[in-house]
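Report on one structure; see the data block that follows.
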Amino acid sequence: MKKALITGITGQDGSYLTELLLEKGYEVHGIIRRTSTFTTDRIDHIYQDPHERSSRLKLHYGDLTDGSRLATLVREIQPDEVYNLGAQSHVRVSFDQPIDTSNIVAMGTAKLLEAVRDGQQLLGKQIRYYQASSSEMFGKVQEVPQTERTPFYPRSPYGCGKVFSHWLTINYRESYELHGSCGILFNHESPRRGETFVTRKITRAVGRIKLGLQDKVYLGNLDAQRDWGFAGDYVDAMWRMVQQDQPDDYVVSTGKMISVREFCRLSFEHVGLNPEDHIEIDPRYFRPAEVEQLLGDCAKAKEKLGWEPTTSVEQLAAMMVEHDLEMARREKTLRDAGHELPASAGHDQ
C-alpha cells in the first residue's frame, strides 16, 4: 500500500486530494497545525465514512515553519509521495503579512524539501514530491496565454514566495535527482473554497441574498480576468504528475478566461437575480499591485499526463451557488427559530 504525506490537508485542495488518494488505495497522512479551534471540517466526512478508508487517514501535528518536525514526520511515516499544498494562500492578505507569507510559502518549502532529501538518504528509498506552484507567479503577464516557458513576473508577496518554491524544487530535482514536479495551477474553486476568496464570497452572498439574509456584497476589481477551474479536477492532475517516470513542470488550467464581473453574472443569474442590484465596490479590496489577467495553456498536461478539465466555469458557478443556497437555507431555518446567525460571507477579496 502506497503512503502519501500531504501538507495543507485541511484546505480545499488537500481535502479533494485526500479523497482521490484514498479511492486509489493509499494510506494518507496529513500535517495539521495545532490551533484553539478545529479546522478539519473539509475532511471530517471521511472519518464518518463507514467504509475502511477512514482507517487509512492519519493526521499529525506539525507546521511548515518547523523543519525539525517535518524531518521527523518524513522519517516516521516513510511516505512514497509528498504533496506540498500548505501555504498562506490569500493573495490580498499576503500584502498585509509579507513576512509570515514568505516564511510559510517560501522557507516552508525549503524546509520540506530538505526533509524529503534527508529522508530519502536515511530510508534508502525514492520519495516523489509535488510542489503546488501558482499562476500568480506570472503576475504582470509577459504573454497570453501562459505556458511552462512564460517568464514569471509576480505581483504580490504570495507570488514571489511561490516563484522561490518553484525554482527551489527544480534546483533540488537537478542537484539531488529528486523526483520533484511542479503544478502551475491556475485559479481553481469549489464549494470547499474559503469564504474570503472572491468566487466563494460571491456565491455565498448569492445564496444569502436570495433568501433575504443580506442585501449587498462588497467587492474590489470586477475587471480582473481569471482562468477558473474545478479543484476536484485539478488534484487529479497533481497525482498524474507524481506518477510519471520523469519529473517535470505542468500548467493546469481550462484555457478559458472570464472577468470577476462575468462570474458575478453567472452566479446571480443562476437564481434569477440582477447582480447590479446587489454589488457595491469597496476600495479596501483592491490590491496594491493588480494582476489583470491570467489564462493558461495546458497543452502539455493534456499530451503528457492525459489530463483534461471536466468542469466548465458555468458548471462551476452553478455548483457553488447550489451548495451555498443550501447553506443559506439552513441559516434561514436557524434565524426563523430564533437562533443567532453566523457572520455573513467573507470580508476579504
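The values are calculated or read from the model by the stated rules, or taken from the named source; none is laboratory data. Just so it is clear, the model here is predicted, and its values are computed rather than measured. Glycine also receives a Cβ, built like all others from the backbone with ideal geometry; neighbour counts cover every protein chain displayed. With ligands, DNA and RNA removed, areas are computed over all heavy atoms of the protein, side chains included. Shrake-Rupley method; radii C 1.70, N 1.55, O 1.52, S 1.80 Å.
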Inset, instruction - Name the single residue, out of those in region 48-96 being polar (S, T, N, Q) and over 21 Å from the mean Cα position of the chain (by Cα), that is nearest to Glu23 (Cα to Cα). - result: Ser54
Legend entry - Within region 174-231, considering residues that are without any contact (Cβ under 8 Å) to a residue 60 or more places away in the chain and open to solvent by 30 Å² or more (accessible area, probe 1.4 Å), the one nearest to Val291 (Cα to Cα): Glu174
Legend entry - Odd one out for Arg261 among (1) in contact with a strand residue (DSSP E or B) (Cβ under 9 Å, 6 or more places away or on another chain); (2) open to solvent by 50 Å² or more (accessible area, probe 1.4 Å); (3) closer than 30 Å to Leu20 by Cβ: (3)
Inset, instruction - Return only the number of the condition from (1) farther than 30 Å from Lys2 by Cβ; (2) in a helix (DSSP H, G or I) that Val235 does not satisfy. - result: (1)
Legend entry - Output for region 295-343, where each listed residue is over 21 Å from the mean Cα position of the chain (by Cα), without any contact (Cβ under 8 Å) to a residue 24 or more places away in the chain and within 21 Å of Gln146 (Cβ to Cβ): Glu303
Inset, instruction - From the list Ser68, Ser36, Ser55, pick out the single residue that is hydroxyl-bearing (Ser, Thr, Tyr), modelled with pLDDT of 95 or more and surrounded by fewer than 12 Cβ atoms within 10 Å (Cβ to Cβ). - result: Ser68
Inset, instruction - Kindly indicate whether any position in region 185-199 is in contact with a helix residue (DSSP H, G or I) (Cβ under 8 Å, 6 or more places away or on another chain) and farther than 21 Å from Val91 by Cα. - result: no
Inset, instruction - Restrict the check to region 130-152 and report whether at least one residue is part of a loop (DSSP other than H, G, I, E, B) and hydroxyl-bearing (Ser, Thr, Tyr). - result: yes
Legend entry - helices (runs of 4 or more DSSP H) enclosed by region 1-119 - at least 3 residues per element that are in contact (Cβ under 8 Å) with a residue 60 or more places away in the chain and under 20 Å from Arg192 (Cα atoms): 12-23, 91-96
Inset, instruction - Starting from residues that are open to solvent by less than 70 Å² (accessible area, probe 1.4 Å) and out of contact with any strand residue (DSSP E or B) (no Cβ under 9 Å at 6 or more places or on another chain), keep the ones in region 125-139 and report whichever is farthest from Val105 (Cα to Cα). - result: Lys125
Inset, instruction - Return a yes/no flag: does region 72-92 have any residue that is of a type in the set (A, V, I, L, M), at pLDDT below 95 and open to solvent by 30 Å² or more (accessible area, probe 1.4 Å). - result: yes
Legend entry - Where Lys256 falls short, out of the listed (1) in contact with a helix residue (DSSP H, G or I) (Cβ under 8 Å, 6 or more places away or on another chain); (2) within 27 Å of Leu20 (Cβ to Cβ); (3) not in a loop (DSSP other than H, G, I, E, B): (3)
Legend entry - Options Asp233, Asp248: the member that is in contact with a helix residue (DSSP H, G or I) (Cβ under 8 Å, 6 or more places away or on another chain), of a type in the set (Asp, Glu) and within 25 Å of Ser165 (Cβ to Cβ): Asp248
Inset, instruction - Would you check if Gln142 is touching a Phe, Trp or Tyr at 6+ places or on another chain (Cβ under 7 Å) and open to solvent by 40 Å² or more (accessible area, probe 1.4 Å)? - result: yes
Legend entry - region 268-285, subset assigned to a helix (DSSP H, G or I) and at pLDDT 95 or above, residue least open to solvent (accessible area, probe 1.4 Å): Phe268
Inset, instruction - Starting from region 147-165, take each residue that is surrounded by fewer than 20 Cβ atoms within 10 Å (Cβ to Cβ) and list its partners that are at pLDDT 95 or above and not in a loop (DSSP other than H, G, I, E, B), counting only C-beta distances under 7 angstrom and pairs at least six apart or across chains. - result: Thr147/Val251; Glu148/Ile184; Glu148/Asp249; Glu148/Tyr250; Glu148/Val251; Glu148/Lys300; Phe164/Ala106
